[in-house]
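Please treat every number below as a calculation from the coordinates, not as lab data. Worth saying up front: this structure is predicted, and the values here are computed from it rather than measured. Using ideal geometry, Cβ is built from the backbone for each residue, glycine included, and neighbour counts are taken over all protein chains shown.
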Amino acid sequence: MPMPRRPRSLVDLGFYHVLTRGNDRKKIFKSPEDYCQFLRILKRYLKKYKIRIMHYCLMPNHIHLPIQTIKGADLPKFMQEVLQVYAHHYRKEYGSVGFVFQNRYKSFHIDKESYLLECARYIERNPVRAKLVSKILEYPWSSLNYYVKGNNDGIIIKENPFYVSMASTDSERRQRFYELVLEDRPYDQVVDDYFRI
């Protein structure tokens, strides 16, 4: 007999690395419109729940969202609605039945705020590691477009506090963050294995 799932331990004003992937690791985004639709859904529910998205990276078969919970109890409600609404879009668009996402989403509590910047660096590098693009700024479906290019898509309402502390001007911050993201780290593969993406 399977054990019941433990309730998530969530705190107000906490930081979490949230990730989810397609069922059987299948693609959840098959067209540019799918990515746009997911971002529209995120924006809609950010207005409803006390959640701040610090960064995001939408990959063809998985999603990374470092999030700050203004109200901890809102995180599961936010994720449930976002994923359900997107799954409805996906099934309707592709005539699909069954599960779109594999199990429930994962959330890792970021108990050291300094890790928030490392988490951001890690997820923003995903498209290059996956060989989707050769140059990281070519990838349109991540918050790097906000943090390095200054393109505001309405998802990032409050910036990563460690990004803000990197320099005194926007242009300096953008350059330093870009340099941080470009750095190769020997443990990136270890992190990949840990998240099992």
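Table for the structure above
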quantity	calculated
Sequence ranges 21-31, 60-70, ranked by mean other-Cβ count within 10 angstrom, highest first	60-70, 21-31
Net charge contributed by nearby residues that have their C-beta within less than 13 Å of Lys149 (K/R +1, D/E -1)	-1
DSSP-assigned coil residues among chymotrypsin sites (Phe, Trp or Tyr not before Pro) in region 53-148, each with at most 16 further Cβ atoms within 10 Å	Phe99
Local electrostatic count at Gln84 - Lys and Arg +1, Asp and Glu -1, tallied over other residues with Cβ under 13 Å	+4
Sparse-neighbourhood loop sites, trypsin sites (Lys or Arg not before Pro) in region 94-171 - DSSP loop, at most 10 other Cβ within 10 angstrom	Lys112, Lys131, Lys135
Stretch in the chain that is longest and holds no GluC sites (Glu not before Pro) that DSSP places in a loop and that have at most 14 other beta carbons within 10 Å	1-112
Gain upon complete extension [Arg185, Met166; 0.36 nm per residue less C-alpha separation]	4.9 nm
Relative contact order computed over the chain (Cα-Cα under 8 Å; 6+ residues apart), in percent	25 percent
Charge context of Cys36, other residues only, Cβ under 15 angstrom, K/R +1, D/E -1	0
Separation between Cα centres of region 39-73 and region 106-130, rounded to whole Å	14 Å
Above-threshold pairs, the threshold being 24 Å between Cα atoms, out of Lys30/Lys135; Lys48/Lys106; Lys43/Lys135; Lys92/Lys158; Lys26/Lys47; Lys30/Lys112	Lys43/Lys135; Lys92/Lys158; Lys26/Lys47; Lys30/Lys112
Helix 32-46 vs. the chain, principal-axis angle (Cα, 0 to 90°, nearest 10)	90 degrees
Rounded to the nearest 20 debye, dipole of region 76-119 from Cβ charges on Lys, Arg, Asp, Glu	240 debye
The chain - charge dipole about Cα centre, Lys and Arg +1 at Cβ, Asp and Glu -1, debye rounded to 20	780 debye
Per-residue [θ]222 nm for the chain (sum of -39500 (n - 2.57) over DSSP H runs n ≥ 4, rounded to 500)	-12000 deg cm²/dmol
